[in-house]
Every structure is written in C-alpha cells, then in structure tokens.
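Right, one structure below, let's go through it.
The values are calculated or read from the model by the stated rules, or taken from the named source; none is laboratory data. Remember, it's a predicted structure, so these values are computed and weren't measured experimentally. Positions of Cβ are backbone-derived with ideal geometry, glycine not excepted, and every protein chain shown enters the neighbour counts.
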Amino acid sequence: MARLVELHPQDPQPRRLGQVVDVLRGGGLIAYPTDSGYALGARLGSKEALNRIREIRRLDDKHHFTLMCATLAQAGTFVILDNRDFRLVKSLTPGPYTFIVKATKDVPRMMLQPRKLTVGVRVPDHRVALAILGELGEPMLTSTLILPGAEEPMSEGWVVDDEIGRLLDVVVDAPVTSVDPTTVVDLTSGAPEVIREGAGDVSRFG
C-alpha cells in the first residue's frame, strides 16, 4: 500500500520531500501532482517501475514516455533539439506541454518509442513537481495518470490513493493546477505538429 505524503503546495516541507525522493532513488513508483493532473513518476532506468506504469495504464510499446525536467537545461544531455526547436520549447516552458523529440543514447532504450527512438520532454509549471525534480537532481521518467477507459488525468491525491494506492509506493498529496492533459507537440518531422490538444495553447502552432 502506498504511503500518502502531503506536501505544502507553495513551500513543500524538506523532510517529506526527502522521503519522496528516497523512494524514487530506491527504484520506487510515485504518483504526484502537476499542472495537468496527476502523473506517475520513477527514476530513469528503473525497469520494474516502468513495467508497473505499463500495467497500471495498460500501455503498449508504442507509448511515448516522458522526461519530466526541472529546467530545459536539465534535459540537455538526453534530447536532440536544433536551435529553432530549442527556442520554441524554451518559450513555452515551464508549462502544460509535452514535446516529442529525438533522444540521445543517454535515455534508457526501454523508454523510447522503439521505431523512431523518440521520447517526450516537458518542464511543468507546478511548485511541488519542480521541488521533487529539484531534490532528485535529474529528469524523472513520467507518464500522465490517465486510467484505462478514462479521458482525463486523475486530479486528487486521496482518490489516487483510494483507487490505485495498492499499486504504488508513494502518493504525493497536493493540488493540481489543471485537470486537462498536456498539449503534445511532435518536433521530429521538420515543422511542429500538434498530436493532442490539451491544457497548452496551440495558437503558436497554427
């Protein structure tokens, strides 16, 4: 059963933050709030946690996992962005966008879309999510917490704990900013292509 850890939405308590990050460093799986509903998070390279995410969400091998980063600079060694795409992503982060990009060899292959070798990357505009990432000191493997058959991400910690807590190690309890999923933009084909319209404004891509 998951441990429910309540974090202050503006000033997360360092001791509790440390408890969450200790679980991540130990290969555990957490659910945490973002600016677009709840997400599942694990340390990069944790195959067991990635498989647990696949089971919870019933994902196939075509799913794009995402690198959740504290800053765009933190993503630097993991993704390939030309100058134009870098400027675009920088202008829209932090925010509720996921960008599909080419990955470097530093990204565990099990995270990648197997044919295209691509991965999602995003920087959330959410104090608690950024605090977790800052304490961890590296990007986190993440996937939006949308349960099979649902159209929107889960949005309340106690509901996450009640419904799937038995499948998790920690549920971070703090408010989400929005219940809409991220806007997903593919940057791998030369021109930005909106794959999913969500919380992020798509007018920049029209």
Some residue of the stretch 23-41 being among the small types (Gly, Ala, Ser), in contact with a Gly (Cβ under 7 Å, 6 or more places away or on another chain) and closer than 21 Å to Ala150 by Cβ: yes
Selection from the stretch 179-199 of residues that are among the hydroxyl-bearing types (Ser, Thr, Tyr) and crowded, with 19+ Cβ neighbours inside 10 Å: Thr182, Thr183
Options Val79, Val20: the member that is surrounded by 22 or more Cβ atoms within 10 Å (Cβ to Cβ) and farther than 17 Å from Val184 by Cα: Val20
Within the stretch 58-72, tally of residues that are of a type in the set (A, V, I, L, M, F, W, C) and more than 17 Å from Asp106 (Cβ to Cβ): 1
Sole exception among (1) touching a Cys at 6+ places or on another chain (Cβ under 8 Å); (2) at pLDDT below 95 for Val123, by number: (2)
Matching option when the condition is over 17 Å from Val170 (Cα atoms), touching a residue at least 60 places away in the same chain (Cβ under 8 Å), β-branched (Val, Ile, Thr) and touching a strand residue (DSSP E or B) at 6+ places or on another chain (Cβ under 8 Å), among Ile56, Ile80, Ile100: Ile100
Looking only at the stretch 127-160, and only at residues there that are assigned to a loop (DSSP other than H, G, I, E, B) and of a type in the set (D, E, K, R), the one that is nearest to Cys69 (Cα to Cα): Glu138
Candidates Ala49, Ala75, filtered to the one that is over 30 Å from Gly149 (Cα atoms) and of a type in the set (A, V, I, L, M): Ala75
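To keep it simple, each residue is scored yes or no on (1) touching a strand residue (DSSP E or B) at 6+ places or on another chain (Cβ under 7 Å); (2) surrounded by fewer than 19 Cβ atoms within 10 Å (Cβ to Cβ); (3) without any contact (Cβ under 8 Å) to a residue 24 or more places away in the chain.
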site	(1), (2), (3)
Gly134	no, yes, no
Glu152	yes, yes, no
Val160	yes, no, no
Asp201	no, yes, yes
Selection from the stretch 161-206 of residues that are over 18 Å from the mean Cα position of the chain (by Cα), of a type outside the set (A, V, I, L, M, F, W, C), at pLDDT 90 or above and not in a helix (DSSP H, G or I): Thr188, Pro192, Glu193, Asp201
The stretch 150-206: number of residues that are under 15 Å from Gly37 (Cβ atoms) and among the hydrophobic types (A, V, I, L, M, F, W, C): 13
Qualifying position, being within 16 Å of the chain's Cα centre (by Cα) and closer than 18 Å to Leu117 by Cβ, among Leu81, Leu67, Leu72: Leu67
Subset of the stretch 46-71 that is of a type in the set (Lys, Arg) and in contact with a helix residue (DSSP H, G or I) (Cβ under 9 Å, 6 or more places away or on another chain) - its residue that is surrounded by the most Cβ atoms within 10 Å (Cβ to Cβ): Arg52
